[in-house]
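Only one structure is covered here, and it is reproduced in the block below.
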Amino acid sequence: MKNKKEEKKKSFIKNTYFWLCVGLLFLVFIIIFSNPNSILSSNVSYVKNKEINIAKVDLTSPNLNILPLDTALYDLKLMELANNPPPVVPKPIIKKVKDPKTGKITTVSVPAPVVVPKPNLWPVKTVYPNAGAILPFNRVIAFYGNLYSKNMGVLGEYPEAVMLQKLNAEVVKWTAADPTTPAIPALHYIVVTAQGKGGSDGKYRFRMPNSEIDKVIKMADKINALVFLDIQVGLSNLRTEVPLLEKYLKMPQVHLGIDPEFSMKTGAKPGTVVGTLDANDINFASNYLAKIVQDNNLTPKILIVHRYTQKMMTNYQNIKTMPEVQIVINMDGWGGKAKKINTYKQFVYSEPVQFTGFKLFYKNDIWEKGTTLFTPEELLKLNPRPIYIQYQ
């Protein structure tokens, strides 16, 4: 009897232990799947049937437990963006040879001369980004402008609801054109605008009040969009202007844009000549962002640098990349398609930094009779493919 009691007791303990384990596993299951963002990152992905799938999560959330960077997928996406043409395989040379004795003509195949291919400029070999990097796993589709002016871009041209609807339509087009690279919306707001008058301090720039920046942040929140704060320094400089935006740059969804066109280092008035920024200026902005990322435990920031002439960005080879910041050189010129492609090849493709962008002007690009705006499908044929698209 005693043995039977002990066996029943042991059996009871085993069964109790088993069901406690089952209950604990069930509880863990419920916790995880009731809050999927706790285990997903903005670049969680897998390869299945040769297709890349990116988990869709809130890219603006500061509370994501980011998984480590998938370096294999990152490299794969960079190669995809590079869009390098296939190597040229020379064909054998066919010759007709006449026998001097018999006079008979025969056809012979002579091996083609060895062609040493030129090294590809893209993808650029840089450091891997920190976990949670937006690029190249997503393509950013941005509306550019200023709330005080209907002439500076689509962002300020239309009422908020209409503008956001138009932006969503562009995002849908890009996602359809390249389903393996989800398109995400962004508002690119000119927060410091170059001016034709010197102002009280003679710096020829006007800073937007915080109340206006707050409006843009709220607009973006409604559609889970990124925000870019763009600086046109005039006769000021980045070392003065960037720190004034620190409280906004600490927000996980807020990134930075800098515009060399209106950086007037010669003292000329903005708009009279095209300005310039050197690698030292760009490195300052990048380092400043990197420190914010480090100090606030944020995912990498994106830094947009506009460019459409040679002198707008000097000493590109000295621009330093780092894990905390992703640098995009954005082709900012307007005009017909042939002109824009030539500008892209001259000043963006030929001087690689990290990523590329392409700006489209709803009005200026189609001024010439018979011209049309680039479609996503057309821009995806570029080498490299732009990962940041800006509409003005």
If we take region 181-291, then helices (runs of 4 or more DSSP H) inside it with 2 or more residues that are in the same structural domain as Asn318 (by TED's automatic domain parsing), of a type in the set (A, V, I, L, M, F, W, C) and touching a helix residue (DSSP H, G or I) at 6+ places or on another chain (Cβ under 8 Å) are 210-222
Name the residue that is farthest from Glu351 (Cα to Cα), counting only residues in region 292-329 that are in a loop (DSSP other than H, G, I, E, B) and among the hydroxyl-bearing types (Ser, Thr, Tyr). Thr299
Is there a residue being surrounded by fewer than 17 Cβ atoms within 10 Å (Cβ to Cβ) and modelled with pLDDT of 95 or more anywhere in region 228-235? no
Which is under 25 Å from Lys320 (Cα atoms), among the basic types (Lys, Arg) and free of Cβ contacts under 8 Å to residues at least 12 places away in the same chain, of Lys197, Lys125, Lys150? Lys125
What are the residues in region 236-266 that are exposed (fewer than 15 other Cβ atoms within 10 Å of the Cβ) and among the aromatic types (Phe, Trp, Tyr), if any? none
Mind checking whether some residue in region 267-288 is surrounded by 18 or more Cβ atoms within 10 Å (Cβ to Cβ), of a type in the set (Phe, Trp, Tyr) and in contact (Cβ under 8 Å) with a residue 12 or more places away in the chain? yes
Please work out if Lys301 is more than 26 Å from Ala225 (Cα to Cα) and among the basic types (Lys, Arg). no
Residue count, region 347-392, condition buried (at least 16 other Cβ atoms within 10 Å of the Cβ), not in a loop (DSSP other than H, G, I, E, B) and not aliphatic (A, V, I, L, M), comes to 12
Please verify whether Lys173 is charged (D, E, K, R), touching a helix residue (DSSP H, G or I) at 6+ places or on another chain (Cβ under 6 Å) and outside any loop (DSSP other than H, G, I, E, B), treating the condition exactly as stated. yes
Is there a residue being closer than 24 Å to Leu67 by Cβ, modelled with pLDDT of 95 or more, of a type outside the set (Asp, Glu) and surrounded by 16 or more Cβ atoms within 10 Å (Cβ to Cβ) anywhere in region 141-159? no
Cross-chain or 6+ apart pairs with Cβ under 7 Å, region 66-89 first and over 19 Å from Gly357 (Cβ atoms), then part of a loop (DSSP other than H, G, I, E, B) and among the aliphatic types (A, V, I, L, M): Ile66/Ala131; Leu67/Val44; Leu67/Ala131; Pro68/Ala131; Leu69/Ala131; Leu69/Ala133; Val88/Val115
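The values are calculated or read from the model by the stated rules, or taken from the named source; none is laboratory data. In this text the structure is predicted, and so the values were computed from the model without any measurement. Positions of Cβ are backbone-derived with ideal geometry, glycine not excepted, and every protein chain shown enters the neighbour counts.
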